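The next block holds one structure in the form of structure tokens; read it before the comments.
Only the coordinates and a few stated rules stand behind these numbers; no lab work does. None of the values given here were measured: they were computed from a predicted structure. Counting neighbours? That spans all protein chains shown, and the Cβs are built from the backbone with ideal geometry, glycine included.
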């Protein structure tokens, strides 16, 4: 039964699963800068995943300067799959088994780039350890957890304490760069929204009123620091 070492009976019945093509279609609807922000937030909130993966620095570099993969959004999806941020499964065509773990953990015996492009599990025929996985899984369709993708794309909003902490960091960074010169409210709001995905303007303005120096709240023209 070694060939099923990484598989379990499909009778466990996975629900809410989608194809890679569908996942890419959903990701493509989001702005790239937003995706980069939520991806970095994911890494910050899952330090154990970042520490465990030797590829993560390469992924971040690739995001800033794509070379192999020209679609940065696809790079983000592949990184999430590597890290287990989105669970993935390869279905046995006989409908008896699913690949047990995140299929991208098998990148040493498979072809991750082609798997993203084709949406199927592709075993390397020359890999000595491939016998640990049933060959029926070769070219089997890959499915992703829809719930995991939704959670990544729409992360839970931070607590008020977290927002205040981040707001104070914005104030400190501005003061380091510009001394006693005040920061405009709209620049503060913009900066905070860049740091925190899904943060509403109203909530950002509330944090502004709680963390900035009183002198910043005085009326009068302030210099534009947005560039």
Next on the checklist: I want to check the label-to-label distance for residue 19 and residue 118. Put each point 7 Å from Cα in the C-beta direction and report it in nm to one decimal.
Outcome noted: 1.5
Checklist outcome for this item: Expected unfolding gain across residue 198-residue 30 under the 0.36 nm per residue rule, minus the alpha-carbon gap, is 59.3 nm
Checklist entry - Given a Förster distance of 22 angstrom, what is the FRET efficiency for residue 185 paired with residue 156, based on the Cβ-Cβ distance and rounded to 0.05? => result 0.30
Item to check | Neighbour-count order for 113, 89, fewest beta carbons within 10 angstrom listed first | outcome: 113, 89
Item to check | Taking 34, 82 and counting other C-beta atoms within 10 Å, the order from fewest to most | outcome: 34, 82
Item to check | Estimated distance in nm for a label pair at residue 135 and residue 41, the labels positioned 7 Å out from Cα along Cα-to-Cβ | outcome: 4.7
